[in-house]
Each structure stands twice: as C-alpha cells, then as structure tokens.
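K.L.:
Attaching a single structure in structure tokens format; questions to follow.
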Amino acid sequence: MNAAIRVEDLVVRYQDKKNRNIEAVKQLSLEVMPGEIVGFLGPNGAGKSSTLKAIMGFVSPHAGNCWLDEVPSTDPEARRKVGYLPEVAMYYPFLTPLETLTLYGELQGLRGPSLRKEAEDLLEQVGMGGAMRLQNRQLSKGMLQRVGIAQSLLGEPRILVLDEVTSGLDPVGRQELRMLLKEKQRQGATLFFSSHELAEVEMLCDRILLIHRGRLIEERRVDALKEELRRYELAFQGNASMIGLTDDLTHEGDTICASFEDKQRLLEAIQRVQKDSGTIVNVVAQEGSLEAYFIDAIARAA
C-alpha cells in the first residue's frame, strides 16, 4: 500500500538575522498510511511546522523530498485533495466566516450553490452556525480556529495536514473537533497533525511521531504505548511473597500495596495471594502519563 504522506531525508534550512544557516529539520523520514490519524509531537522549535510546510510545498527543502499520495509535494496537483490548517490562520477581518469559506472554495475551483451549501454545512459542523454572518474581526481566537478547521475541510479532502489544530479551542470545542475528525477518518480520510494537547493526541491518534531538534526520535502506536505506561496495583493481606514480581511494596497497617509494571505479573501475584489463603483488598489499573513519557523521551534525546 502506498503512503498517503511520505517524507524522505528531509532537510530544511533558514537564515537568521545574522545570515547564519539554521537547520530546522535534519534528515527526517516518515510515512503516514491511508486512513491513519498520526500525531506529530515535539517541543517548541523542534521542526514540526517546518516539516508540515515542506509537506505542503510551501517551503523548498535544502535536501530530501516529500510526497502526497505518491505525487511530489512541489506539484500543485498533489495538493488538490489536501486540506491544510496553518499554525496561525489569518483571515480578512471584514469578511464573514461564510464569505471566507466561499472565497477559499472558489480558489479551489468550487462554485455556485453547492459551494455555499458546503460552506454552511461545514460551519454548522464546527459550531459556527450562529456566527457565520458576523465579521471575522468580531470573532474570538477559538472561533477563528473553528473557521480555519472548516476551511481545511472544504472540497472533502482525502488528506488533512493540520498545524496546532486544537489551538484556542475550549474543552467543548476540542471534544467536538475530536468527534468530527474521527468521523472524517471513518469516511476514509488520512490525518496528520501537530499539537501540544497531549490528552487530545492520546484520545485521537492511532500513532505518534516524536521529533526533537529536527530529528525523529521515537515512533509509537498509541494503544501499545498506553499499555506500556499502565501500572497495576494490588492491595492484599497475608504473607504471600512478591519476590521476582515487584520490589515496589508499601505497608498500611495489615494491608500490603504492591505495584506491577504489567498485567501478567499482577495476575501471578493474585494467584500467590490466593494460594497462600490471603485476602485481596483491592485491584487497580492506573493509566500512565503521556506527558511524563514525552518529557522523558525528550530528555533522553537531549
């Protein structure tokens, strides 16, 4: 199966104010397969936006190549079925959201009543139905972000490339966006987005790519990572030995609390307690912290 997005040995350089070359992206390679939702994570300045701009053909790489549906990203044809949301979406302040989407739709080659209906439907979907005829200058940052999301969905794109997609959205807006993007995935779309909202990434993504100082440092499936980060706790009474299963033991009166790194060790510990005629007080599975994983991964790569 061909990748929906493919990046190979990408290098992106800029010049700073002193005309020094700054390498924002260094020999980066990645793939996003059709129908996937992939989160692109990294600290500020890691090279996320530079990579997304190169994928969209908005910056010329110093080396390497990017493809969209196996078409070079420098070819305008590659972007015909791609929806894009920049990190900061700037819209003419005296247009309304409906006029904004109509303008962008016409630039894509959409026309007539079908364009107007699609624009109205998309604004309804992102929660802007009651404000689609207000001028953009009257809208909050979160409302403008919703307009940008609607604009990226014009023309039913097969691929969505979204930079800081949850920026400015409140919890209700993030939940609505999550539901909308999941629905687009069910309809066959591929999503590649950057975000600092790790909770949203955890709930939305199939896979994450972690970038630091322009290099890809980790690539993980979210379900497998969540299982790896999960911890199990067993509270019991009795004399059952936990030797070989865990050294993480605490005592609260007659109750012993044991913590385990995986489910198999927990199950074996339960068997030991039962075999020893002990009493099981409680069993708890605790979700691990994606934020702690992120911070630790960045520290290891530093």
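K.L.:
Among Gly35, Gly45, which is the only one that is surrounded by fewer than 23 Cβ atoms within 10 Å (Cβ to Cβ) and within 16 Å of Leu191 (Cβ to Cβ)? Before you say what the answer is, go through the steps one by one.
P.N.:
Numbers: Gly45 fails: within 16 Å of Leu191 (Cβ to Cβ).
Checking each option against the conditions leaves just Gly35.
K.L.:
Right, next: In the set Gly155, Gly142, which member is more than 20 Å from Val88 (Cα to Cα), small (Gly, Ala, Ser), out of contact with any strand residue (DSSP E or B) (no Cβ under 7 Å at 6 or more places or on another chain) and in the same structural domain as Glu87 (by TED's automatic domain parsing)?
P.N.:
Residue meeting the stated conditions: Gly155.
K.L.:
How many residues are within 21 Å of Leu28 (Cα to Cα) and either under 12 Å from the mean Cα position of the chain (by Cα) or modelled with pLDDT under 90 (or both) when one looks only at the stretch 202-219?
P.N.:
Summing the residues that are within 21 Å of Leu28 (Cα to Cα) and either under 12 Å from the mean Cα position of the chain (by Cα) or modelled with pLDDT under 90 (or both) in the stretch 202-219 gives 6.
K.L.:
Next question, about the same structure. Taking interchain pairs and intrachain pairs at least six residues apart, which have beta carbon atoms under 9 angstrom, with the first residue in the stretch 1-20 and touching a residue at least 40 places away in the same chain (Cβ under 8 Å) and the second of a type in the set (Lys, Arg)?
P.N.:
Ala4/Arg158; Leu10/Lys26; Val11/Lys26; Val12/Lys26; Val12/Lys53
K.L.:
Continuing with the same structure: Out of all the residues in the stretch 83-110, which are under 19 Å from Gln138 (Cβ atoms) and modelled with pLDDT under 90?
P.N.:
Listed by number, the residues that qualify are Val88, Ala89, Met90.
K.L.:
Within the stretch 156-180, can you find the residues that are under 18 Å from Ile55 (Cβ atoms) and touching a Phe, Trp or Tyr at 6+ places or on another chain (Cβ under 9 Å)? Even if it seems obvious, please write down each step before you answer.
P.N.:
Of the stretch 156-180, the ones under 18 Å from Ile55 (Cβ atoms) are 157-165.
Pro157, Ile159, Leu160, Val161, Leu162, Asp163, Glu164, Val165, listed by residue number.
K.L.:
Sort out which residues of the stretch 249-269 are assigned to a loop (DSSP other than H, G, I, E, B) and either touching a residue at least 12 places away in the same chain (Cβ under 8 Å) or crowded, with 16+ Cβ neighbours inside 10 Å (or both), and write them in order of number.
P.N.:
Answer for the stretch 249-269, where residues must be assigned to a loop (DSSP other than H, G, I, E, B) and either touching a residue at least 12 places away in the same chain (Cβ under 8 Å) or crowded, with 16+ Cβ neighbours inside 10 Å (or both): Asp254, Glu261, Asp262.
K.L.:
Leu191 is checked against (1) buried (at least 19 other Cβ atoms within 10 Å of the Cβ); (2) over 20 Å from Ala119 (Cα atoms); (3) touching a Gly at 6+ places or on another chain (Cβ under 8 Å) and fails just one. What number does that condition carry?
P.N.:
Just one mismatch for Leu191, condition (3).
K.L.:
Do we have Gln151 as surrounded by fewer than 18 Cβ atoms within 10 Å (Cβ to Cβ), at negative phi and polar (S, T, N, Q) here?
P.N.:
Numbers: surrounded by fewer than 18 Cβ atoms within 10 Å (Cβ to Cβ): no; at negative phi: yes; polar (S, T, N, Q): yes.
Here the answer is no, as Gln151 does not meet what is asked.
K.L.:
So, restricting to helices (runs of 4 or more DSSP H) that lie completely within the stretch 68-183, which ones have at least 1 residues that are more than 19 Å from Ile37 (Cβ to Cβ) and touching a Pro at 6+ places or on another chain (Cβ under 9 Å)?
P.N.:
112-125, 141-152
K.L.:
For the stretch 230-248, which positions are surrounded by fewer than 16 Cβ atoms within 10 Å (Cβ to Cβ) and farther than 15 Å from Ile280 by Cα?
P.N.:
Answer for the stretch 230-248, where residues must be surrounded by fewer than 16 Cβ atoms within 10 Å (Cβ to Cβ) and farther than 15 Å from Ile280 by Cα: Arg230, Arg231, Ile243, Gly244, Asp247, Asp248.
K.L.:
What is the number of the single condition among (1) surrounded by 15 or more Cβ atoms within 10 Å (Cβ to Cβ); (2) farther than 27 Å from Gln271 by Cα that Met203 does not meet?
P.N.:
All conditions pass for Met203, except number (1).
The values are calculated or read from the model by the stated rules, or taken from the named source; none is laboratory data. Keep in mind that this is a model prediction, so the values were computed, not measured. Here the Cβ is made from the backbone with ideal geometry for all residues, glycine too, and neighbour counts use every protein chain on show.
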